[in-house]
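> Sending over a structure as structure tokens; questions will come in a sec.
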Amino acid sequence: MTQDAHVRQHELEELLIDAEADDAQVQQQPLRVQRPWLLLLGLVLVALNLRPALSSMAPVLSQVSAGLGLSAAQAGLLTTLPVLCLGLFAPLAPVLARRLGSERVILGILLTLALGIVVRSTLGATGVFVGSVMAGASIGIIGVLLPGIVKRDFPQHAGTLTGVYTMALCLGAAMAAGATVPLSEYLNDSWALGLGFWMVPALLAMLVWLPQARKGHGQHKVAYRVRGLWRDPLAWQVTLYMGLQSSLAYIVFGWLPSILIGRGLTPTEAGLVLSGSVIVQLLSSLAAPWLATRGKDQRLAIVIVMLVTLAGLFGCLYAPLGGLWGWAVLLGLGQGGTFALALTLIVLRSKDAHVAANLSSMAQGVGYTLASMGPFAVGVVHDLTGGWAAVGWIFAVLGGGAIIFGLGAGRALQVQARCQTL
């Protein structure tokens, strides 16, 4: 491997920022892990729970709406709330971690996630919205903390375990998308029981994670401050690319099965198409960053993966159903690449780990808040038009915006933020 390749690999591994330990000295002194296999198993099980609460709703959204009397706009709000909470609650994660320790926070938030799933499934129309907020907030907090633990406790294998972490996310999403309708049919034909089932993996993850929460890793004081990030145009380009591509992703999670059901598929078939598309993301989410860092910048890669994503979206929306699986595979390849490149840009555009940590917080906090508007807009447009054809305009606007801001974010530059020691 060339020296340049070593540098790029190091940059990619810096993606995993410890939200608990901001101090540079702490990050350079990883603690020895007892029973690393148990920690690794716990990390995988926790990661598996970061998407089912989102992807399980889409295949049964029509049944939920009919059962609770929701309009399309209200159903759009239901798909929007969890994504909005990903952005709003992500900044809370480092604060909780510094006070309580990342391991204890993850254990407590897993319980909140399980409770949110139960509330969503049992307390009627009010519960479905309250539970969605609880689930989205929980996922937003855990999603910030998990990568930092990987970076701290497995520093020599951070790059490899990043791939494992990403695969667990995709697998959890695919399982919930494909299995929720069959589970609902098996469990007395009840969508509530089908959705409520996903508290079981959350409780299992809690049991496996309990030893980590008991030992903890102490607390650390903030030793630096990053200035100038929010005034930097490049930082905003990275953030807007993150938000716009995420908006398309969560439209797929929230609405693709409903769109396909409207085109004639059964709920089971629509859920399987979404599940298959998500599984395909495993391939491109691992390959796209590696290929993108082989060029002088990432602009070409960003354009390619976004065009592939748009092709898949338009194919699923307009093309004959006979070729649907081909379009779903294309969509998965595109979206796996867009998401992975969004994370990679955070690293490559940052001067050091501290700047990357703050850019990551900005990109995810603002980006996911922006992303939540996409699913809501789809619900409103469907409510106004009574069909799905006009949704293609939303795809075009979001995809075009992502390409525009991605071309800025993909340049071989770095944000001009300054890191100051306190």
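Each value in this text was obtained by applying a stated rule to the coordinates, not by laboratory testing. Since we're looking at a predicted model, the values are computed, not measured. Methodologically, a virtual Cβ is constructed for each residue, glycine included, from the backbone with ideal geometry; neighbour enumeration extends over all protein chains shown.
> Would you please give the residues with an amide H less than 5 Å from that of Val226, counting only those at least 5 places away or on a separate chain, with H modeled from the backbone geometry?
Gln420
> Going through the range 289-393, which trypsin sites (Lys or Arg not before Pro) have at most 13 other Cβ atoms within 10 Å and a DSSP loop state?
Within the range 289-393, the qualifying trypsin sites (Lys or Arg not before Pro) (loop, at most 13 other Cβ atoms within 10 Å) are Arg294, Lys296.
> Hey, another quick one. How big is the Cα convex hull of the range 231-380 in projection, averaged over all directions, in nm²?
Spelled out: convex hull of the Cα atoms, projected over all directions, averaged, 9.3 nm².
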